[in-house]
Amino acid sequence: MDDAGFAVRGKDIALLRRLEERVLWLASWTIHNANHLRDSRDGLKVGGHQASCASMTTLMTALYFSALRPQDRVAVKPHASPVFHAIQHLYGRQTIDQLQRFRSLGGAQSYPSRTKDIDDVDFSTGSVGLGVAMTAFASLTQDYLAARGAVKPDAMGRMISLLGDAELDEGNIYEALIEACKHDVRNTWWIVDYNRQSLDATTSDRMFTRYGEIFEAAGWTVETLKWSKRQREAFARPGGAALQAWIESAPNDLYSALTYQGGAAWRERLTADLAGDKAALKLIAGVDDADLALLMTQLGGHCLETILEAFARAAEDDAPRVFIAYTVKGWRLPFAGHKDNHSGLMTPTQIAGLRDRLGVREGEEWDVWSGLSDNEAKAMKRLVETAPFAARKDGHRLAPQVATPTADTLLAAVRGGGEQSTQAAFGKVMFEIAKATDEFSGRVVTTSPDVTVSTNLGGFVNRRGVFHRRAHEDVFKNRRIPSAQVWAMGETGQHIELGIAENNLFIALAALGLSAPLFGERLFPVGTLYDPFIARGLDALNYACYQDARFLLVATPSGLTLAPEGGAHQSIGTPLIGMAQPGLDSYEPAFADETAVLMAHAFARIQAAAGGSTYLRLSTRVIDQPTRSDDAWRAGCVAGAYWMKRPAPDARLALVYSGAIAPEALAAFEQLLEDEPGAGLLAVTSPDVLHADWTASGRARWTTGEQRTATIETLLADLAPTAGLVTVIDGSPAALSWIGSVRGQRVRALGLETFGQSGDLPDLYAKYRLDADAILDACADLMV
Ligand SMILES: Cc1ncc(C[n+]2csc(CCOP(=O)(O)OP(=O)(O)O)c2C)c(N)n1
Ligand SMILES: [Mg+2]
């Protein structure tokens with residue numbers, strides 16, 4: 001169906017209005033059931049947001065039953081989840097059983113979830129603001145694929161966000177807006193449910209007109225849906241202009257309070273405020289209280305005609321658009337407009353009242369067609385069946401598997417011995433990929449928030465170019481100015497350059513990392529940033545993982561080893577972030593060959609059914625590379641640890657190290673051998689994978705009885721049960737200290753626990769007790 005397909009038709013409007021009522025009902029009832037009818041075993045409030053749902057019901061009805069096409073994708077305001085589930089139930093994609101179990105284990109999720117809900121959620125939401133940004137980056141991803149012919153022009157979808165007005169306070173929205181502007185993002189609609197209320201209160205009047213100005217400044221088209229058809233008609237009558245002006249100038253809190261109080265309160269206040277304006281008083285006197293309340297409160301966002309006309313206008317081009325739709329929070333519910341209604345729940349009496357008003361029969365609350373005449377039900381069902389969105393078949397799409405490079409192939413890029421850093425090794429592997437001509441290399445897309453050069457992506461970008469819808473030559477190159485970086489931009493580019501906003505990096509990785517299920521095309525996204533700044537985008541990283549987006553994150557450089565860069569750049573807690581983040585396996589290789597093997601592993605994981613994303617914590621420290629006598633280390637490298645120097649049977653001591661601090665561990669180890677010739681040296685490439693494997697093995701033993709031995713259990717079995725362990729990592733020592741619990745062995749854990757500072761490595765390692773002396777001191781302490 002083409003865009004003109006949702007031009008407003010009178011008969012359809014009446015039916016849509018009835019559908020809207022059913023959506024309002026089912027969403028309200030779903031929340032009521034969860035809170036008032038379902039057994040509660042823990043006494044906890046279940047929750048759900050009837051007021052926030054009612055606020056968006058008209059907008060979502062207009063969108064889902066008229067404007068939305070199968071290829072469009074939506075991020076739904078998190079707390080409007082019941083409205084989404086109700087709509088999907090009408091489409092036959094959501095079951096009553098799931099609705100009855102809303103917010104209970106295995107039931108419909110409190111906030112729409114791509115991975116847990118059964119009804120075809122496009123984008124998960126929950127942390128406000130992130131879903132909004134997600135649509136802009138999904139649109140950028142679509143443009144990237146369209147430039148390769150992977151999304152055909154007639155299959156281009158709109159990426160739509162439904163958001164609350166208080167959500168507009170989230171700064172990440174404006175970071176995304178700026179990036180969207182730079183990338184000339186199109187096909188993006190942000191639809192604001194402008195109900196003048198947040199969670200705590202009514203929102204500030206001072207931003208009233210500002211939002212539109214912000215979006216206009218960024219080049220977006222602003223559609224303000226302030227007035228309903230009812231209001232526009234009334235305001236055109238004698239005296240109407242005064243009513244309109246009254247609403248225009250009313251403070252948010254007063255407007256909301258009167259909305260809650262209803263017709264009589266409106267009459268009293270307007271009669272006083274408009275005293276002397278005969279025409280206005282006459283207009284007010286000519287309607288009863290209920291109609292007066294409707295006239296004052298049925299705003300544009302509650303008027304199907306107004307919304308559909310705006311959608312139809314917007315469908316005429318692909319410009320990015322923000323719709324500021326004025327609404328009332330709790331529209332049609334008893335607590336409409338009340339400032340405390342955010343988590344308000346209707347009482348059993350109130351929900352019964354709503355049921356009766358909407359014509360649903362008692363006892364048939366779960367039947368969306370209850371109380372309708374056969375003809376009406378038939379016509380409404382037909383409306384649903386013929387809505388463009390009914391044709392959506394494959395919301396979660398499958399992409400063909402792509403052959404990813406083997407570890408051997410990537411190892412070839414970093415061989416050559418000598419001294420290397422893991423960051424340089426990453427750059428070399430990426431450069432090899434850039435030189436390759438296979439399908440995989442064409443599907444790699446890199447992105448970085450203004451640290452492309454300093455994270456060693458430059459080689460890749462020089463060969464593969466920067467992506468932009470509008471071609472732009474490298475002026476420096478054309479003018480023959482020597483530069484190591486060639487930054488030609490165009491549609492074939494495979495690098496997306498971002499401004500310094502780490503949130504955007506993670507949202508971009510979320511969108512690129514969902515290209516397979518969203519667009520049926522696999523991409524292999526590689527994002528780079530400085531390790532300490534992961535914290536800046538942490539919620540967005542979590543959001544990407546929560547949606548099971550697949551990518552490789554390379555965080556470099558890291559730790560105290562940044563030395564002269566100083567304490568503001570030296571990351572401490574990131575190994576723990578890597579351990580704690582589901583959906584993301586984190587690794588900290590020490591050597592170039594480990595880095596190559598782990599990159600091959602990460603690329604394979606991107607498209608594995610039970611795979612995930614990978615985070616590599618790298619370093620610029622150039623260190624001696626080990627000579628390998630065999631390939632046995634490779635499996636251990638992926639599994640999280642291997643013996644760099646195997647201990648003698650029943651050894652009394654082992655050193656356990658991770659990452660760039662390897663030379664200190666090796667130096668200490670050589671000295672240690674004089675006193676403890678049987679000691680072992682354990683290379684831990686991933687505290688995260690090692691720990692997860694250990695806990696999973698334990699769980700398997702005591703739940704399923706499966707006798708699994710964890711990697712770390714097997715490794716430590718080489719030591720005496722009473723052996724001591726000295727662990728060392730350039731980060732929080734907690735990342736490794738747990739290893740002592742595996743067999744109940746004593747541990748001395750070295751790492752960073754205070755802020756770093758500028759210095760050179762010998763000074764800093766000595767001061768922060770990460771050097772060979774510190775390691776030997778810890779060994780001595782253990783052996784006492
Ligand atoms: C990042 C984040 N902070 C806080 C919350 C808690 N929260 C949920 S909804 C909400 C208020 C939302 O108001 P608005 O966006 O205007 O939506 P409305 O309910 O008014 O439609 C808040 C603070 C959240 N979900 N995410
Ligand atoms: Mg609001």
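What number comes out for the charge environment of residue 249, summing +1 per Lys or Arg and -1 per Asp or Glu over other residues with Cβ under 12 Å away? Let's see the in-between values first.
On the way: positive: none; negative: 205, 248, 273.
In short, -3.
How much accessible area per residue does segment 236-364 have, counting only protein heavy atoms and a probe of 1.4 Å, in square angstrom? Display every interim value, and only then the final one.
Values: 5440 Å² over 129 residues.
I get 42 Å² per residue for this part.
Using a Förster distance of 30 angstrom, determine the FRET efficiency expected from the C-beta separation of residue 116 and residue 42, and round it to 0.05.
0.90
What is the projected area of the convex hull of the Cα atoms of segment 534-596, averaged over all directions, in nm²? Provide the component values of the computation, followed by the final result.
On the way: hull surface 19.0 nm².
Quarter of the Cα hull surface area: 4.8 nm².
Roll a 1.4 Å probe over the protein chains and send me the accessible area per residue for segment 22-165 in Å². Can you show the working numbers first?
On the way: 3760 Å² over 144 residues.
The answer is 26 Å² per residue.
Would you mind finding the longest exposed-site-free stretch of the chain, with exposed GluC sites (Glu not before Pro) meaning DSSP loop and at most 16 other Cβ atoms within 10 Å? Provide the component values of the computation, followed by the final result.
Working: sites that count: 316, 362, 364, 473, 491, 706, 753.
The longest uninterrupted stretch comes out as 1-315.
Sort the following peptides by mean Cβ neighbour count (other Cβ atoms within 10 Å, averaged over residues), highest first: 37-44, 697-704. Could the numbers behind the result be given before it?
Numbers: 37-44: 8.8, 697-704: 12.1.
Ranking, from highest mean packing down: 697-704, 37-44.
Report the percentage of all Cα-Cα pairs in segment 566-703 whose separation exceeds 24 Å, rounded to a whole percent. Numbers along the way, then the final one.
Working: 3396 of 9453 pairs.
Percentage above 24 Å: 36.
Across segment 100-188, what fraction of all alpha-carbon pairs, as a whole percent, falls in each successive 5 Å bin from zero upward?
Here the calculated profile for segment 100-188 is 3, 14, 19, 19, 17, 13, 9, 4, 1.
If each DSSP helix of 4+ residues adds -39,500 (n - 2.57) and the sum is divided by the residues in the chain, what number results at 222 nm, nearest 500 deg cm²/dmol? Walk me through the numbers on the way to the answer.
Numbers: 34 runs with 336 residues, N = 784.
So the helix-based figure for the chain works out to -12500 deg cm²/dmol.
Among 757, 689, 772, whose Cα projects farthest towards the positive end of the dipole of segment 685-784, with charges put on the beta-carbon of Lys, Arg (+1) and Asp, Glu (-1)?
The listed residue farthest towards the positive side: 689.
Let me know the Kirkwood hydrodynamic radius for segment 453-560, please, with Cα pairs as the basis and the value in Å to one decimal.
Values: mean 1/r = 0.0667 Å⁻¹.
After inverting the pairwise mean of 1/r, the radius is 15.0 Å.
What is the Cα coordinate range of segment 271-401 on the first, second and third principal axes, sorted by size from largest, in whole angstrom?
73, 47, 35
For the full complex of protein chains and a 1.4 angstrom probe, list 124, 249 by accessible area with the highest value first.
Per-residue accessible area, sorted high to low, gives 249, 124.
Where both partners of a DSSP beta bridge lie in the chain, what percent of those bridges are antiparallel, to the nearest 5?
Values: 9 of 68 bridges.
Counting only bridges with both partners in the chain, antiparallel ones make up about 15 percent.
Counting pairwise Cα distances across segment 630-784, what percent come out greater than 29 angstrom?
Numbers: 1898 of 11935 pairs.
The proportion of pairs with Cα distances above 29 Å equals 16 percent.
From the Cα trace of segment 117-257, what convex hull volume per residue do you get, rounded to a whole Å³?
So the per-residue Cα hull volume is 161 Å³.
For segment 636-713, what ratio Rg/Rh do Cα atoms give with a Kirkwood hydrodynamic radius? Present the calculation step by step, with values, prior to reporting the outcome.
Numbers: Rg = 14.5 Å, Rh = 13.6 Å.
My calculation puts Rg/Rh at 1.07.
So if we plug the beta-carbon distance of residue 217 and residue 609 into 1/(1 + (r/R0)^6) with R0 = 41 Å, what FRET efficiency do we get, rounded to 0.05? Walk me through the numbers before you get to the answer.
Values: r = 45 Å, r/R0 = 1.09.
Calculated value: 0.40.
Would you list the P(r) distribution for segment 356-511, with all Cα-Cα distances sorted into 10 Å bins from 0 and each bin expressed as a whole %?
Cα pair-distance distribution for segment 356-511, in percent: 9, 24, 23, 12, 9, 11, 9, 3, 0.
Report the Cα centroid-to-centroid distance between segment 543-581 and segment 355-382 in angstrom, as an integer.
Computed from Cα coordinates, the inter-centre distance equals 54 Å.
Taking a cut-off of 21 Å between Cα atoms, list the lysines near residue 435, but don't count ones fewer than 8 places away on the same chain.
Candidates past the 8-residue exclusion: 477.
How large is Rg/Rh for the chain, to two decimals, with Cα atoms and a Kirkwood Rh?
1.05
Which whole-number percent is the relative contact order of the chain (Cα, under 8 Å, 6+ apart)?
Details: 1613 pairs, mean separation 88.7, N = 784.
With pairs under 8 Å counted, the relative contact order is 11 percent.
Taking only the alpha-carbon atoms of segment 509-641, what semi-axes of the equivalent ellipsoid follow from 5 times the gyration tensor eigenvalues under a square root, in whole Å, largest first? Intermediate results must be reported in sequence, preceding the final value.
Values: eigenvalues 122, 85, 26 Å².
Semi-axis lengths for segment 509-641 are 25, 21, 11 Å.
Against the longest alpha carbon principal axis of the chain, how many degrees, from 0 to 90 and to the nearest 10, is the axis of helix 50-62 turned?
For 50-62 against the chain, the angle is about 80 degrees.
How are the C-alpha pair distances of segment 1-127 spread across 5 Å bins, as whole percents from the shortest bin up?
Taking all Cα pairs of segment 1-127, the binned fractions are 2, 11, 21, 23, 20, 12, 7, 3, 1, 1, 0 percent.
Structure shown: which of 11/229; 11/381; 152/393; 116/152 lie over 20 Å apart, alpha-carbon to alpha-carbon? Provide the component values of the computation, followed by the final result.
Numbers: 11/229 16 Å; 11/381 14 Å; 152/393 18 Å; 116/152 30 Å.
Pairs exceeding 20 Å: 116/152.
So for the chain, taking the charge dipole from beta-carbon charges (+1 Lys/Arg, -1 Asp/Glu), which of 211, 130, 100 sits furthest toward the positive end?
The residue sitting farthest along the positive end of the dipole is 100.
Find, among the trypsin sites (Lys or Arg not before Pro) in segment 586-661, those assigned to loop by DSSP (not H, G, I, E, B) with at most 13 other beta-carbon atoms within 10 angstrom. Walk me through the numbers on the way to the answer.
On the way: sites: 605, 617, 621, 628, 634, 645, 652; in loops: 621, 628.
Qualifying residues, ordered by number: 628.
Just report the Cα centroid separation between segment 395-438 and segment 605-619, whole Å.
Taking the Cα centre of each part, segment 395-438 and segment 605-619 sit 13 Å apart.
Which log10 I(q)/I(0) values, to two decimals, does segment 217-286 give at q = 0.19, 0.21, 0.24 Å⁻¹ under the Debye formula with one point per Cα?
Values, matching the q order: -0.81, -0.95, -1.18.
Once you put a point 7 Å from the Cα of residue 627 and another 7 Å from the Cα of residue 261, both along the Cβ direction, what distance in nm separates them?
The modelled label-to-label distance comes out at 9.0 nm.
Against the longest principal axis of the chain, how steep is helix 304-314, in degrees 0 to 90 to the nearest 10, with axes from Cα atoms?
It is inclined by approximately 50 degrees.
Cα centroids of segment 196-218 and segment 729-778: how far apart, whole angstrom?
When both Cα centres are located, 49 Å separates them.
Please identify the trypsin sites (Lys or Arg not before Pro) of segment 458-538 that satisfy two criteria: DSSP loop assignment and at most 13 other Cβ atoms within 10 Å. Which are they?
Values: sites: 463, 464, 469, 470, 477, 479, 480, 522, 536; in loops: 469, 470, 479, 480, 522.
Here the trypsin sites (Lys or Arg not before Pro) that fit, given the DSSP loop and packing criteria, are 470, 479, 480.
Give, rounded to the nearest 20 debye, the magnitude of the charge dipole that the chain has about its Cα centre when Lys and Arg contribute +1 at Cβ and Asp and Glu contribute -1 at Cβ. Don't skip to the end; give the middle numbers.
Working: 77 positive and 94 negative charges, 411 e Å.
Computed about the Cα centre, the dipole is about 1980 debye.
Quick one: grab Rg to one decimal and Dmax as a whole number for segment 30-86, Cα atoms only, in Å.
So, for segment 30-86, Rg and Dmax equal 14.0, 42 Å respectively.
Tell me the relative contact order for segment 448-556 as a rounded percent, counting alpha carbon contacts under 8 Å between residues six or more apart. Spell out each step's value before the answer.
Details: 188 pairs, mean separation 31.7, N = 109.
RCO, segment 448-556: 29 percent.
At a 1.4 Å probe radius, carbon and sulfur cover how many percent of the accessible area of the chain?
On the way: 15560 of 30020 Å².
About 52 percent, which is the carbon plus sulfur part of the accessible surface.
The values are calculated or read from the model by the stated rules, or taken from the named source; none is laboratory data. Since we're looking at a predicted model, the values are computed, not measured. In this analysis, Cβ positions are derived from the backbone assuming ideal geometry, glycine residues included, and neighbour counts consider all displayed protein chains. Protein only, heavy atoms only, side chains kept; ligands, DNA and RNA dropped before computing areas. Shrake-Rupley method; radii C 1.70, N 1.55, O 1.52, S 1.80 Å.
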